[in-house]
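The values are calculated or read from the model by the stated rules, or taken from the named source; none is laboratory data. Note that the structure is a prediction, hence the values are computed from the model and not measured. Backbone-built Cβ (ideal geometry, glycine too); neighbour counts: all protein chains shown. For accessibility, only protein heavy atoms count, side chains too; no ligands or nucleic acids. Shrake-Rupley method; radii C 1.70, N 1.55, O 1.52, S 1.80 Å.
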Amino acid sequence: MSISEHLDAINSAFDSVRIAAFADLSVQLVLAESTKADIGQELLDELCIQAANAFECPAVSAGTSLIPPPVEAIIMTDKGILLTLRTTEFSPNALIFECDYDIKLKDILTMARDTLRKAGEA
Amino acid sequence: MIQSRDIIKRLKSLGQKSRFNRNNARIIASGNPGENVKALLQEINETILARALEFQTDTGAKLGLDVIGRRVLHITALQMPNEGETSPLIGELLSEGDHLEQFIQTISLFAKDANEVSVIASMPDQAFDTSAVGLQAGHLLKNIPASNEVKEPAIKDASAAIAILTGIPGITEWLIAKGDDAGVNSGDSKTITELEKVAENTAETLDHYLDQFTANPMEPVATVVGTLSDNYDSILCFRINNQLGLAVAPSDSIPSIIDTWRNKNN
């Protein structure tokens, strides 16, 4: 399965997912996406920037020992949830999901981690 | 760890009034001021010989009375904690016609918030005018309001950030980093020290960080960064109104965090 097919599978498995994307956070570029409605490149770029910035939380980058190196992040605003995952703290490859608040977090995390693992093996 | 809302629920179920203190850092189970007032009047009612009674509460309030023959002749002192409270009756020769209501207000104020009232009785410095009628304890007891009518300070609503942090099951270690209630915290002291260090070093940058995700700084915004499942902890960072909160978020608390923010945005 290609990464696009994995994104389509996640998108169709969850009604609450509006956008599923695979991105290179180091250059803030969406490499593949699956959406329920037509969206512009500008929105994809913005999601990618926000996902990259989410990991730059000062409370974490201040060197706190309270948590292990972060690999996942959620942003919650009035627009909904932006969920992003990467395999390791240094990995540029990330999955990004724009979702509604009723997303089944545990289920999407399981599927997304599996997708990231397969993308890493490819 | 027991959470504030559980403590308040338990106190309510026991019929015990409770409230947050001034900076929301503690929950205070209030005493029963009505019972304290009755106990004070009962002490007066049992005082036959001339005595200077000095009442003191566990909150630090002090009240001095000159008493003889079950009657109060004078208020000699009134001192409330953290307030320059006094009574216009101090030093006045008390009479039922002029001072009964005001005297009851004074002792109600004195007993406010008290869980315990103690008394020291001593010989007066000067002989009392035994012909003075004063306020008779029996009449005072008949005129005090029922205990549940004594005005109790209202339970102070927790600020928005504290309501969020104490309302999410699983979150036990948190700190208000900025805004109203800044510095209020809960949890293990080692973790709180770490959160305080983070807050001290990053308060401004945290604001800029959150600004990136919302066009309107008045809009509630939150991030959870870490590992979102498998029993790991993440860091919750949020802004609501002018308050900036930080918490350690165990993975099982994250669905509740999402629910909380859904409610904020619906």
Subset of A:Lys79/A:Lys118; A:Lys36/A:Lys104; A:Lys36/A:Lys79; B:Lys38/B:Lys112; A:Lys106/B:Lys197 violating a 21 Å alpha-carbon distance limit: A:Lys79/A:Lys118; A:Lys106/B:Lys197
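Within 10 Å of each Cβ of A:74-86, how many other protein chain Cβ atoms are there on average? Please list the in-between numbers first.
Values: counts 13, 10, 16, 13, 10, 5, 3, 5, 2, 3, 1, 2, 0.
That works out to 6 on average.
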C-alpha center-to-center spacing [the range B:158-209, the range B:216-235] in angstrom: 13
Long-range amide H partners of A:Leu31 with built H, under 5 Å: A:Phe22, A:Ala23, A:Asp24
Amide H contacts of B:Lys112 (H built 1.01 Å from N, under 5 Å, at least 5 apart or other chain): none
In nm, spacing of pseudo-spin labels at B:Glu200 and B:Gln126 (7 Å Cα→C-beta vector): 5.6
Integer Hz, Karplus 6.51/-1.76/1.60 couplings in order for the range B:250-259, x for Gly and Pro: x, 4, 6, 8, 5, x, 5, 4, 5, 4
Backbone HN-Hα couplings from phi across the range B:56-67 [Karplus 6.51/-1.76/1.60, Hz, Gly and Pro as x]: 9, 9, 5, 8, x, 6, 10, 9, x, 9, 9, 10
Added length on full extension, which subtracts the Cα-Cα distance from 0.36 nm per residue, B:Thr193 to B:Asn115: 24.8 nm
Which of B:Met218, A:Met1 is most accessible, then next, and so on - probe 1.4 Å: A:Met1, B:Met218
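Let me know the mean shielding of A:49-60 by other chains, meaning the per-residue number of their Cβ atoms within 10 Å of its Cβ. It would help to have the intermediate numbers written out before the result.
Numbers: counts 1, 3, 0, 0, 4, 6, 2, 4, 15, 14, 16, 8.
What the average comes to for A:49-60 is 6.
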Test item: Cα-centred dipole of the range A:3-121, Lys/Arg +1 and Asp/Glu -1 on Cβ, debye: 380
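Could you give the C-alpha radius of gyration of the protein assembly as shown expressed as a fraction of 2.2 N^0.38 Å, taking N as the number of residues it contains?
So the Cα radius of gyration is 1.46 times the expected 2.2 N^0.38 Å.
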Those GluC sites (Glu not before Pro) in the range B:69-124 that DSSP places in a loop and that have at most 13 other beta carbons within 10 Å: B:Glu83, B:Glu85, B:Glu116
Cβ neighbours within 10 Å from other chains - mean over B:64-72: 0
Potential lengthening between B:Ala163 and B:Asn242 on full extension [0.36 nm per residue; Cα-Cα distance subtracted]: 27.0 nm
In sequence order, calculated HN-Hα J values of the range B:100-113 (Karplus, 6.51, -1.76, 1.60; Hz; x Gly/Pro): 4, 5, 5, 5, 5, 4, 5, 6, 5, 4, 4, 7, 3, 6
Diffusion constant of the range A:3-121 at 10 °C, which comes from Stokes-Einstein with the Kirkwood Cα-pair radius and 1.306 mPa s, µm²/s: 111
Per-peptide average of other Cβ atoms within 10 Å, ordering A:11-19, B:118-126 highest first: A:11-19, B:118-126
FRET E, pair B:His208, A:Glu5, Förster distance 45 Å, beta-carbon r, rounded to 0.05: 0.70
